[in-house]
Amino acid sequence: MALTEKTIVDKYEIVGPWKHIQVRESLVIERDGVPVSKTFHRYVLVPSDDITEQPEEIRNVANLLWTQQIKDSWNEHRVSIGQ
């Protein structure tokens, strides 16, 4: 019986005026190719985040949505709240 595990991005959502990307990863453990366990991990990406280590699909979505206008607006918001 061989156990394997893999992590996949199985869901993402775009939310808010600054196009935050909510990402859900699924960790699947399989025994001989049959899933026996699944757990989830979630995180949020914002326009000021470094996305170089993200999966290609998430990088593509971020690059499409995070226009210079969105990035500038996000940075102005951050300054206005003291971040």
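The values are calculated or read from the model by the stated rules, or taken from the named source; none is laboratory data. The structure presented is a predicted model; accordingly, all values stated were derived computationally and were not measured. For neighbour counting, all protein chains shown are included, and Cβ atoms are generated from backbone atoms with ideal geometry for every residue, glycine included.
Observations, loosely collected:
- So Trp18, is it in contact with a helix residue (DSSP H, G or I) (Cβ under 8 Å, 6 or more places away or on another chain) and surrounded by 12 or more Cβ atoms within 10 Å (Cβ to Cβ): yes
- The set of residues in the stretch 21-34 that are surrounded by 11 or more Cβ atoms within 10 Å (Cβ to Cβ), farther than 15 Å from Ile8 by Cβ and β-branched (Val, Ile, Thr) contains only Ile21.
- Complete set of residues in the stretch 23-54 that are within 19 Å of Ser73 (Cα to Cα) and of a type outside the set (Asp, Glu): Val44, Leu45, Val46, Pro47, Ser48, Ile51
- Enumerated strands (runs of 3 or more DSSP E) restricted to the chain, each holding at least 2 residues that are among the acidic types (Asp, Glu): 3-15, 20-31
- There is at least one residue in the stretch 51-64 that is surrounded by 11 or more Cβ atoms within 10 Å (Cβ to Cβ), over 30 Å from Thr4 (Cα atoms) and either modelled with pLDDT of 95 or more or not aromatic (Phe, Trp, Tyr) (or both).
- Among the residues listed as Ser37, Ser80, Ser48, the single one being of a type in the set (S, T, N, Q) and surrounded by 12 or more Cβ atoms within 10 Å (Cβ to Cβ): Ser48
- Screening Gly33 on (1) touching a strand residue (DSSP E or B) at 6+ places or on another chain (Cβ under 7 Å); (2) among the small types (Gly, Ala, Ser); (3) closer than 28 Å to Thr4 by Cβ shows it passes everything except condition (1).
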